[in-house]
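Since the structure comes first, as C-alpha cells, the remarks are kept for the end.
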Amino acid sequence: MGQIISGKELSKTIREEVKEQVIKLTDQYHRAPHLAVVLVGEDPASRSYVKAKERACKKAMMESTVIIKEEETSEEELLSIINDLNNDQTVDGILVQLPLPKHIDEDKVIDAIKLEKDVDGFHPLNLAYMHLGRQAIYPATPKGIMTMIERSNISLKGKKALVIGRSNIVGKPVAMMLLKEHATVTIAHSRTENLKAECLASDIIVAAVGRAKMITEDMVKEGTVIIDVGVNRVEGKLVGDVDFDAVKDKASYITPVPGGVGPMTITSLLQNTLECYERRVKQ
Ligand code: NDP
C-alpha cells in the first residue's frame, strides 16, 4: 500500500512551527501578526470556512479580525472597507472570502487588496510574480500541495506531473509550482482527449476537478504519487476525485479526503500571514 500523506498530521506540525515563530516575533516586534477576513453574505459554507480560519489564527497566537457584511452590501462599500484595511498599519493580511454576491465584481475587489497584504495570493501581480519565479505570496491550496510533496521528500526533478483541472485558484498555479521544481508538467481539463492515457504516462497526478472518484485504479500506473484536491459530497460523505480505496495499493504516496489537502489550505494561509507580517515588521 502507498504511503498516506496526512494533511491533518502535517498541518499540526507546521501550525506548531508557525505558532513558535509567532511567539518569538511578537516578543521581538511587540505585536502579533494580524489577519483581517471579510465575509459578505450568508453562505453557510463560507461562514464555516471563515470560522475555521479565525480559530486557526487564534490557535497560532495571531490576531484576527472578521468583518461580516450583509448580502446587500454594495461594491463601493466593500472597496471602502478594503481601502481602510490597506491603510491600517496593524493589519498584515487581508482575505476576502469568495465567492462574493453576484452584484459585486470579484476581480475589482481582489485587485483592490494591497499586494503586500494579499494573503490569498490571488492578486494578479502576485500571480504574475509567481509565474516569473519572483518573490510572491503563493495561493494557499497549491502552496499546501507543494508543502505536502516537499515534506514527504518526493523528488519532482524530471518527473512527469499531470494536473487535472485548470482553475485559477488550483490547477494553473499548482502546474506553475511543479514546473518551478523541474517537473515536466501536463495540464488536463474537460476537453482533454484520453485522460486515462495521460494518467498512465504520469509519475505524479494532482486531481483538482470536483468529480467524485473519477480517477480509478485502471488509470494509474504502479508507484504514482497521487494528490487529491477534490472535495465531493456523496450520500453525506466527503470523497475526493480519486477512488482512494482502489488506487491506494498502486500509489507510492496518496493524500486522503478528508484529512489531506483540505487542512493544508488553512495552514498555508497562516504561513502566508506570517510571511506578510515578517516582511512588514522587518522593513
Ligand atoms: P473548478 O470548477 O474551477 O475547475 C475544475 C476543473 O476541472 C476545470 O478546469 C475543468 O475543465 C476540469 N474538469 C471538469 N471536468 C473534467 C473532466 N471530466 N476531465 C478533466 N477535467 C475536467 O474547480 P476548482 O479548481 O475550484 O476546484 C477543484 C476541486 O478542488 C473541487 O472539488 C473543489 O471543491 C476542490 N478544492 C479543494 C480545496 C481544498 O482546500 N481542499 C480548495 C479549492 C478547491 P474546464 O476548464 O475545461 O472546464
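The values are calculated or read from the model by the stated rules, or taken from the named source; none is laboratory data. Keep in mind that what you see is a predicted model, and the values were worked out from it rather than measured. Note: ideal-geometry Cβ built from the backbone for every residue, glycine included; neighbour counts use all protein chains shown. Heads up: the accessible areas ignore ligands, DNA and RNA and are worked out on the full protein's heavy atoms, side chains in. Shrake-Rupley method; radii C 1.70, N 1.55, O 1.52, S 1.80 Å.
Here are the numbers for the structure shown:
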item: Flag if ARG151 is without any contact (Cβ under 8 Å) to a residue 40 or more places away in the chain, surrounded by fewer than 16 Cβ atoms within 10 Å (Cβ to Cβ) and among the charged types (D, E, K, R); result: no
item: Every residue from region 156-174 that is assigned to a helix (DSSP H, G or I) and either touching a residue at least 24 places away in the same chain (Cβ under 8 Å) or in contact with a Phe, Trp or Tyr (Cβ under 9 Å, 6 or more places away or on another chain) (or both); result: GLY171, PRO173, VAL174
item: Where a residue in region 199-218 is β-branched (Val, Ile, Thr) and its partner, wherever it lies, is open to solvent by 50 Å² or more (accessible area, probe 1.4 Å), with Cβ under 6 Å and at least six apart; result: ILE204/LYS159
item: Those helices (runs of 4 or more DSSP H) lying entirely in region 1-93 with at least 3 residues touching a residue at least 24 places away in the same chain (Cβ under 8 Å) and within 30 Å of THR224 (Cβ to Cβ); result: 7-29
item: Total residues in region 229-268, condition touching a Leu at 6+ places or on another chain (Cβ under 9 Å) and under 20 Å from SER152 (Cα atoms); result: 6
item: Selection from region 156-179 of residues that are more than 12 Å from the ligand (Cβ to nearest atom) and exposed (fewer than 15 other Cβ atoms within 10 Å of the Cβ); result: LYS157, GLY158
item: Residue match in region 202-220 (condition: within 21 Å of LYS53 (Cβ to Cβ), open to solvent by 50 Å² or more (accessible area, probe 1.4 Å) and either within 15 Å of the ligand (Cβ to nearest atom) or not aromatic (Phe, Trp, Tyr) (or both)); result: no
item: Which listed residue, of ASN153, ASN126, is more than 16 Å from the ligand (Cβ to nearest atom) and part of a helix (DSSP H, G or I); result: ASN126
